[in-house]
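Here's the structure, in structure tokens; my notes come after.
Nothing in this text is a laboratory measurement; each read-out follows from the coordinates by a stated rule. Being a predicted model, the structure only gives us computed values, none of them experimental. Counting neighbours? That spans all protein chains shown, and the Cβs are built from the backbone with ideal geometry, glycine included.
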Amino acid sequence: MSFQDVILILASALRLSTPLLLACLAGLYSERAGVFNIGLEGKMLAAAFAAAVVATLTSSAMLGLLGAIVIGIAFSMIHGFASITQRGNQIVSGVAINTLALGLTAVLGNAWYKEGGRTPPLPASVRFQPIELPFAAEARSIPILGPIYSDLLSGHYGFVYAALAAVPLTAFILQRTRFGLRLRAVGENPAAVDTAGVSVERMRYLALACCGALCGLAGAYMSTAQSASFVTEMTAGKGFIALAALIFAKWRPWGALGACLLFGLLDAVAIRLEGATLPLIGQVPVQAIQSLPYLLTVVLLAGFIGRAVPPKAGGVPYVKERR
Amino acid sequence: MDIRPLGYALAGVILSAASAMAQLKPAVVFDMGGKFDKSFNEGVFNGVERFKKETGIDYAEFEVTNPSQREQALRNFARRGNDPIVAVGFAQEDALKKVAAEFPKTRFTIIDSVVDLPNVQSIVFKEHEGSYLVGVLAALASKTGKVGFIGGMDIPLIRKFACGYAQGVKAAKPNAELFQNMTGTTPAAWRDPVKGGELAKSQIDRGADVIYAAAGGTGIGVLQAAADNGKLGIGVDSNQNHLHPGKVLTSMLKRVDNAAYGAFTGAKNGTWKAGMLNLGLAEDGVGWSLDNDNKALITDDMKKAADQAAADIKSGKVTVHDYMADSKCPI
């Protein structure tokens, strides 16, 4: 395997981990504020559908993205209404969000476009295009650094860079701003926040809005950048892998980056090694590599690689004056 | 006069007067995806529509939207005396087994799977033969000598596609290199265009310039990625050339329309027989598509080679190995 191969695998890992990273950060906002979010999958799916539909209707990828964010937030608000205002079970309402998104996108897609739930393919002009970083072509001839810059870092969709930028941004917001402090506090000790005169409900809704917007980005990335149409169930479990990554990351932004890149890398390696024969091992068991993310998460949860402690007030609707 | 009775109470079935008056009351149960899925179900729909147009005999139909409806729909049709009843897709196998046993006098036809009952006709396809032909075309169209295959869920049926394709590629260009990827091991692998695109990208990075996708919805992503990168894709099941005109080399066709049409016509003419029908090139059950969208891509030499291969298979001069026969591929 040459150096160029390694670069290509890493680039592939970067592309594969982007939707995971966006969803993982989305989950991070919501869970750090005390709302367990198993509905990431559904929010992404609904957003992907919205992006494709709006882009089809308006012939604008940007408006599609906007639509995806709006729908992502809308689904988050439904989740919030059920689990914050009505104090329903967060997990159950999250599952309901998934089911709702799955059913709604399939039914509406089929009713509007009659292609088995698929939306019409978008022409290139209505899709996001990869961004070439400046001097990418010229830099390619520089040894080592050239390919790293031109083939690994350059030539991705804007979403990839946005997801990467969202990591330090999220870390800054959580650790260095008043909003972040309150958000974390709401997830650890909502009563204290309440005593300080800050509305717990409002904080949780805001966190869910951030979550919905990020899910919107992830959805739009899938349906209007990586592919050119929405396909029923196209999120294919990414929301759940993102949750695994979130646990693996111990609910920290930089950890999320590491976990998602690792999962993306495992996926990319599995793609590349399929059918290949390695010395000593023989035919590579790709399924084994594909199951590693889940295996690692289980191992982590079992307490072998440090401890993953979820936010203390997670999963519990806040009720004033409960004794 | 049109009676459209109370279908909704019994899972939304529509019967029409024409079929009630004629002796033959055929019915068809489409599977998930619906009759306009631009693929498998739509093929069947085209076939039964052709039957309706030619004979004037209307048929009853139902589109399954969740797995539990399959058995219900089949049983409802059988109970109402519909005959023959066509079940579309291997997913209906279990439901059909039950219902066909309950109604031994009703004739059932299942497309794309085998149910071994005295009143069931099972129609399957020699996908390996069709895949062989597109393999020949892929090898001849490739400039790099490297071609790819991307399957959906890793099941024997998809390996059968892959194996036929590989044999065709090697027959046309013995030194061609072939990359093969399966999308996954769960049903989600049929609906993951993002992963499909990434798989295609990975093969393109390694030099592949023609990629055959046998992967359902995942294949949409494969064809997209091939088109985006200026390479060629190959569609499957129905004619997918129109998805990216000029960027889809051809499509491996499963003539499910002929199968469904044949089942209805057979029942009408009294030639319908229970048992297994294995439709290959000789029976016009599989093939490859050539239309306005891809005629610029298929040179005369390529067409000649594919036609020659088809003739050789039909005459028995070339046998394409069926992966499902022994779970092995010679290549």
I'd like to compare A:73-79, B:147-153: which one has the highest average count of other Cβ atoms within 10 Å, and what's the full order after that? B:147-153, A:73-79
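Please express the shape of chain A as an equivalent ellipsoid: the semi-axes are the square roots of 5 times the eigenvalues of the C-alpha gyration tensor, given largest first in whole angstrom.
Values: eigenvalues 217, 125, 76 Å².
Values for chain A, descending: 33, 25, 20 Å.
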Of B:Asp112, B:Asp301, B:Asp237, the most mobile residue in a GNM of chain B (C-alpha springs, cutoff 10 Å) is B:Asp301
Between A:Ile131 and residues 5 or more places away or on another chain, which pairs have amide H atoms under 5 Å apart, with H built 1.01 Å from N, and which residues are they? A:Gly155, A:His156, A:Tyr157, A:Gly158
Please compute the alpha carbon radius of gyration of region B:176-331, then divide it by the globular-protein estimate 2.2 N^0.38 Å. Two decimals is fine. 1.16
What angle do you read, to the nearest 10 degrees and between 0 and 90, between the alpha-carbon axis of helix B:193-205 and the longest principal axis of chain B? 20
For region B:280-321 and region A:156-178, what is the separation of their C-alpha centers, rounded to whole Å? 53
20 Å Cα-Cα reach of A:Lys43 towards lysines, excluding residues that sit fewer than 8 places from it in its own chain: A:Lys238, B:Lys195
Give, to the nearest whole percent, the P(r) tail of the protein assembly as shown beyond 35 angstrom, counting all Cα pairs. 47
Cα radius of gyration and Dmax for region A:9-122 (Å): 15.1, 46
Apply the Karplus parameterisation 6.51 cos²θ - 1.76 cosθ + 1.60, with θ equal to phi minus 60°, to every residue of region B:236-242 and state each ³J(HN,Hα) to the nearest whole Hz, in sequence, with x for glycine and proline. 8, 6, 10, 6, 9, 4, 6
Which one of B:Ala95, B:Ala87, B:Ala208 has the biggest mean-square fluctuation once chain B is modelled by GNM with Cα springs under 10 Å? B:Ala95
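Convert 25 °C to kelvin, take the viscosity as 0.890 mPa s, use the Kirkwood radius over C-alpha pairs of region B:189-270 as Rh, and evaluate the Stokes-Einstein diffusion coefficient in µm²/s, rounded to a whole number.
Values: Rh = 13.4 Å.
In µm²/s, the coefficient is 183.
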Which residues qualify? For B:Phe149, with a placed amide H closer than 5 Å and at least 5 residues away or on another chain, they are B:Phe179, B:Gln180, B:Asn181, B:Tyr212
Note on chain A: contact order normalised by length, alpha-carbon pairs under 8 Å, 6 or more apart, percent, works out to 34
Positive-end residue, region A:201-323 charge dipole about Cα centroid, Cβ charges, pick of A:Gln226, A:Ala242, A:Met203: A:Met203
Can you compute the equivalent ellipsoid semi-axes for region A:60-156, i.e. the square root of 5 times each eigenvalue of the Cα gyration tensor, sorted largest first and rounded to whole Å? 40, 21, 12
For region A:236-245, what does the Karplus curve 6.51 cos²θ - 1.76 cosθ + 1.60, with θ = phi - 60°, yield as ³J(HN,Hα) per residue in whole Hz, taken in order and with x for Gly and Pro? 6, x, 5, x, 7, 5, 4, 5, 4, 5
Which distance in Å, rounded to a whole number, links the C-alpha centroids of region A:220-267 and region A:35-84? 16
Using a Gaussian network model of chain A whose springs link C-alpha atoms within less than 10 Å, name the residue from A:Gly180, A:Gly146, A:Gly72 with the highest mean-square fluctuation. A:Gly146
Once phi for every residue in region A:268-273 is put through the Karplus expression 6.51 cos²θ - 1.76 cosθ + 1.60 (θ = phi - 60°), the whole-Hz ³J(HN,Hα) values, with Gly and Pro written as x, are 5, 5, 4, 4, 6, 8
Considering amide H positions built from the backbone, and no H for Pro or chain starts, which residues 5 or more places from B:Leu279, or on another chain, come under 5 Å of its amide H? B:Val124, B:Phe125, B:Lys126
Helix axis angle, A:200-220 relative to chain A longest principal axis, alpha carbon, degrees: 20
